[in-house]
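To keep things clear, I will list the structure first and then write my remarks on it.
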Amino acid sequence: MVYADNAATTKMSEVAISTMTYLIKEAWGNPSSLYTHGQKAKEVLEKAREEIAGVIGAAPGEIFFTSGGSEADNQAIISAAKIGEKQGKKHIISSSFEHHAVLHTLEKLKKEGFEVTLLDVHENGLIDVTELESAIRPDTALVTIMYANNEIGTIQPIKEIGEICRKKNVIFHTDAVQAVGHVHIDVNKENIDMLSASAHKFNGPKGAGFLYVKKGIRLTNIIEGGAQERGKRAGTENTPAISAMAVALKEKYDKLDETSAYVKKMRDRIIDGLCKIPHSVLNGDRDRRLPGNVNFCFEGIEGESLLLLLDDRGIQASSGSACTSGSLDPSHVLLAIGRVHDVAHGSLRLSIDEEITEEDANYIIKNVTEVVEYLRGFSPVWRDLMNGKREFVL
Ligand SMILES: *Cc1c(COP(=O)(O)O)cnc(C)c1O
């Protein structure tokens, strides 16, 4: 079996599993309790905070634990909106291919009178920083642009975006859920004010994540209750999961240079192989993408059928994002980079990690090629394309 859907979720690492099971047994106390057992849990929690902060160049006091990436995105955006509102600023800039955790939060804010500008994402899967600069207005409260896209893997010019935001005195948040643990990040060097991350995207457990918030930016609670996380996020902390998140992250960064070089090599081998399929296209810039991301559109087929047949052959991949599968609408990301509906329907995302072997990569190329050809064999759309009743787009 080849698991090639790491952008949807990753398998927990051995060290994360052993840390978590150990702590479930040994540090189950409430970190807010003053007796020894509670204090032990508190220590574990604060050690995790220090480790995570260290990895992204932040201070421990700038890390807030959340239930994952979605919560971190919600809290970051709502907090920046509230800060802006107090200063009479009710304009937010984002991009058209963000994760729904961002887009749906922005929809909610629109109902509260905020104005949202969604920047175009060009065919290469990147925004244009000069377009960003000219979109910033005196009443812009926040720029929220994802670090790396979850479908096509493109990595935005984060440092430049941050620089513009600093110059214009606008808060810059980035949904870095796909990037943390996969590329080097330094929040200070990259001028990032807020950053969201999720443990299950870097071999940590599900239901744990964090929000980095630059000192001086005031968070708004979205969960009210106890005084956990310096009063900014109520709820008894999931100490074992948080600690497992920290060890998983540390392990990723300890070997990142080595693994990402290897993963990139396998990614490029797969891209080269799949490029040979006629009437296909790689989605997103070839180089400015996550080490493990491959995303293609194949004309004349349905992504869902492709997935099911690949699953039969032991390859687990994705078409569109997990959140949109089950709906008939093609991916908003592929539409955002200009793919027409028919073509966007025939998409395949392979997100690989360092466990992939060369044989796996070859197996993927061979099977995707065969299945695409097989499906085209009885596709009415493909027949029309071949008969000239329809024009090829790719
Ligand atoms: C997975 C993902 C999220 C959501 O994270 P959860 O921890 O599953 O809530 C948000 N943004 C991006 C880019 C993601 O890939």
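The values are calculated or read from the model by the stated rules, or taken from the named source; none is laboratory data. What you are looking at is a predicted structure, and each value in this text was computed from that prediction instead of being measured. With ideal geometry, Cβ positions are generated from the backbone for all residues, glycine too; neighbour counts draw on all protein chains shown.
For beta carbons closer than 6 Å, sequence separation of 6+ or different chains, a first residue in the stretch 363-381 that is under 15 Å from Glu299 (Cβ atoms) and a second that is aromatic (Phe, Trp, Tyr) and outside any helix (DSSP H, G or I), the qualifying pairs are Val372/Phe298. Of all the listed residues (Lys214, Lys255, Lys189, Lys264), the sole one being surrounded by fewer than 19 Cβ atoms within 10 Å (Cβ to Cβ) and farther than 24 Å from Ala58 by Cα is Lys264. Looking only at the stretch 64-123, which residues are of a type in the set (Asp, Glu) and within 16 Å of the ligand (Cβ to nearest atom)? Glu71, Asp73, Glu98, Glu107, listed by residue number. Among the candidates Gly204, Gly226, the residue that is part of a loop (DSSP other than H, G, I, E, B), within 13 Å of Ile52 (Cα to Cα) and assigned by TED's automatic domain parsing to the domain that holds Ala148 is uniquely Gly204.
What number of residues in the stretch 242-263 are in a helix (DSSP H, G or I) and out of contact with any strand residue (DSSP E or B) (no Cβ under 9 Å at 6 or more places or on another chain)? Steps first, please.
Kept after step one, since they are in a helix (DSSP H, G or I), are these residues of the stretch 242-263: 242-254, 256-263.
Filter once more, so that each one left must be out of contact with any strand residue (DSSP E or B) (no Cβ under 9 Å at 6 or more places or on another chain): 243-244, 246-248, 250-251, 253-254, 257-259, 261-263.
Of the residues in that region, 15 qualify.
Restricting the stretch 273-321 to residues that are of a type outside the set (A, V, I, L, M, F, W, C) and free of Cβ contacts under 8 Å to residues at least 24 places away in the same chain leaves a set whose member that is farthest from Met386 (Cα to Cα) is Asp287.
I want to confirm something. Restricting to the stretch 142-181 and keeping residues that are more than 11 Å from the ligand (Cβ to nearest atom) and in a loop (DSSP other than H, G, I, E, B), which single residue is nearest to Lys90 (Cα to Cα)? So, considering only residues that are more than 11 Å from the ligand (Cβ to nearest atom) and in a loop (DSSP other than H, G, I, E, B), the one nearest to Lys90 (Cα to Cα) is Val170. Please verify whether the stretch 30-39 includes one or more residues that are farther than 26 Å from Leu132 by Cα, of a type in the set (Ser, Thr, Tyr), modelled with pLDDT of 95 or more and not in a loop (DSSP other than H, G, I, E, B). No: zero hits. Gly216 meets all of the listed conditions (1) touching a residue at least 40 places away in the same chain (Cβ under 8 Å); (2) assigned to a loop (DSSP other than H, G, I, E, B) but one, namely (1). Among the residues making up the stretch 69-88, those that are assigned to a helix (DSSP H, G or I), surrounded by fewer than 23 Cβ atoms within 10 Å (Cβ to Cβ), out of contact with any Gly (no Cβ under 9 Å at 6 or more places or on another chain) and not aliphatic (A, V, I, L, M) are Asn74, Lys82, Gly84, Lys86.
For Asp285, the test of being part of a loop (DSSP other than H, G, I, E, B), surrounded by 15 or more Cβ atoms within 10 Å (Cβ to Cβ) and either more than 16 Å from the ligand (Cβ to nearest atom) or not charged (D, E, K, R) (or both) is passed.
Taking the stretch 182-192 as the range and being without any contact (Cβ under 8 Å) to a residue 40 or more places away in the chain and either within 11 Å of the ligand (Cβ to nearest atom) or of a type outside the set (A, V, I, L, M, F, W, C) (or both) as the test, the residues that pass are Glu190, Asn191. Annotation: of all residues in the stretch 1-28 being in contact with a helix residue (DSSP H, G or I) (Cβ under 8 Å, 6 or more places away or on another chain), closer than 18 Å to Lys250 by Cα and of a type in the set (Gly, Ala, Ser), the one that is surrounded by the fewest Cβ atoms within 10 Å (Cβ to Cβ) is Ser13.
Restricting attention to the stretch 189-201, and to residues there that are assigned to a loop (DSSP other than H, G, I, E, B) and of a type in the set (D, E, K, R), which single residue is nearest to Ser79 (Cα to Cα)? Don't jump to the end; show me each part of the working.
From the stretch 189-201, those assigned to a loop (DSSP other than H, G, I, E, B) are 189-193; that's our starting set.
Next, from what is left, pick out any that are of a type in the set (D, E, K, R): 189-190, 193.
Numbers: Lys189: 23, Glu190: 21, Asp193: 12 Å.
Among those residues, the one meeting the criterion is Asp193.
Taken over the stretch 200-218, the criterion of being touching a strand residue (DSSP E or B) at 6+ places or on another chain (Cβ under 6 Å) and of a type in the set (A, V, I, L, M) is satisfied by Leu211, Val213.
Checking the condition polar (S, T, N, Q) and either surrounded by 20 or more Cβ atoms within 10 Å (Cβ to Cβ) or under 21 Å from Gly209 (Cβ atoms) (or both), which residue from Thr130, Thr117, Thr66 passes? Write out each step before concluding.
Values: Thr130 fails: either surrounded by 20 or more Cβ atoms within 10 Å (Cβ to Cβ) or under 21 Å from Gly209 (Cβ atoms) (or both); Thr117 fails: either surrounded by 20 or more Cβ atoms within 10 Å (Cβ to Cβ) or under 21 Å from Gly209 (Cβ atoms) (or both).
Exactly one of Thr130, Thr117, Thr66 is polar (S, T, N, Q) and either surrounded by 20 or more Cβ atoms within 10 Å (Cβ to Cβ) or under 21 Å from Gly209 (Cβ atoms) (or both), namely Thr66.
Ser32 meets the conditions (1) more than 30 Å from His184 (Cα to Cα); (2) touching a Ser or Thr at 6+ places or on another chain (Cβ under 9 Å); (3) within 16 Å of the ligand (Cβ to nearest atom); (4) not basic (Lys, Arg) in every case but one. The failed one is (3).
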